[in-house]
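Below is one structure, written out as structure tokens; the observations come after it.
The values are calculated or read from the model by the stated rules, or taken from the named source; none is laboratory data. Here the structure is a predicted model, which means the values were calculated and not measured. No Cβ is skipped: glycine too gets one built from the backbone with ideal geometry, and neighbour counts run over all protein chains shown.
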Amino acid sequence: MNVGRQQGASESESRPLNTFKEITVDNDLTEAKRPEEAILRDLSAHGYDENTTFAIKLALEEAMTNAFRHGNQCDPDKRITVRYSVTDDRIEIQVCDEGEGFCPGDVPDPTEPGYIDRPHGRGIMLMRAYLDEVEFCSKGCSVRLVKFRKQTP
Amino acid sequence: MTDQATRLKVKDLSGVSVVEFSDRKILDELCIHEIQEELSAFIDSKSSGKILLSFKNVDHLSSAALGMLITLKKKIEEKKGALKLSDINPQIFEVFKITRLNKLFDIHPSQEKARASF
């Protein structure tokens, strides 16, 4: 799992891990709420607006559900680790499962005619739509989510 | 019809079943299975296929809710019925637009407009 510095765009360099908080939960949908609650508290403490809160809540829900269902295969003996950093300029979250990984490129576009009426497959699309950066590690068992605070003109 | 154990409030208005959630709701993976079961059982019980689902009490949702709606829509249409949605707040409507599901579902700004369109 790649949690190190990202090559390329200077505005998206990951912060050192020692600035992150970490919560590990059992692979359980109720337990999966605990990281969300902690992150939302930090968002509130840093005065992030409702739109940002909605975006983070949605994207994190999608990432946690994917970790629970697809990564960890609903296995209660597995765990999900969430590392997060909320600062005045951005929110960065890493969601890590204990699964075999996958290739995000294999996930079809859920807006395509053959897929639009399928009940699943929209999580990654929604993460990408609401966040500034969504990056999977090379194996696919962790995802890094970043949202920058919008500058008011 | 409101039952303490139910998550739904249903009223029949001129042959249209108007379904609301009984309290402020976050439609996410954790609760969607039970809500889907309840809605599915309700659809099975209906002879009239005009169903309006109001999002008046919905604060937040995830893609699990969208999947539920797609499944329910298919179920209703198999019974030659119709499903419409109403009272979706702008933030949640944006989720429908991003996923292009605003084209798949018949969405109206209010219950009155939705009922009139059946």
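A few comments on the model shown:
- When the residues of region B:30-74 are filtered to those that are within 14 Å of chain A (Cβ to nearest Cβ) and of a type in the set (Gly, Ala, Ser), the one that is surrounded by the fewest Cβ atoms within 10 Å (Cβ to Cβ) is B:Ser40.
- Of the helices (runs of 4 or more DSSP H) lying entirely inside region A:31-138, those carrying at least 2 residues that are at pLDDT 95 or above and more than 21 Å from B:Ala65 (Cα to Cα) are A:33-45.
Results for (1) exposed (fewer than 15 other Cβ atoms within 10 Å of the Cβ); (2) without any contact (Cβ under 8 Å) to a residue 12 or more places away in the chain; (3) in contact with a Leu (Cβ under 7 Å, 6 or more places away or on another chain), shown as yes or no for each residue.
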| position | (1), (2), (3) |
| --- | --- |
| B:Ile76 | no, no, yes |
| B:Lys80 | yes, no, no |
| B:Asp87 | no, no, no |
| B:Phe93 | no, no, no |
| B:Ile107 | no, no, yes |
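- Flag for A:Ala45 being within 11 Å of chain B (Cβ to nearest Cβ) and of a type outside the set (Val, Ile, Thr): no
- Listed conditions (1) more than 20 Å from A:Pro119 (Cα to Cα); (2) surrounded by fewer than 19 Cβ atoms within 10 Å (Cβ to Cβ) are all met by B:Ala114, apart from (2).
- Number of positions in region A:5-30 that are more than 20 Å from A:Lys147 (Cβ to Cβ) and modelled with pLDDT under 90: 2
- Tallying residues that are surrounded by fewer than 15 Cβ atoms within 10 Å (Cβ to Cβ) and either within 14 Å of another protein chain (Cβ to nearest Cβ) or on the phi < 0 side of the Ramachandran plot (or both) within region B:12-21 yields 2.
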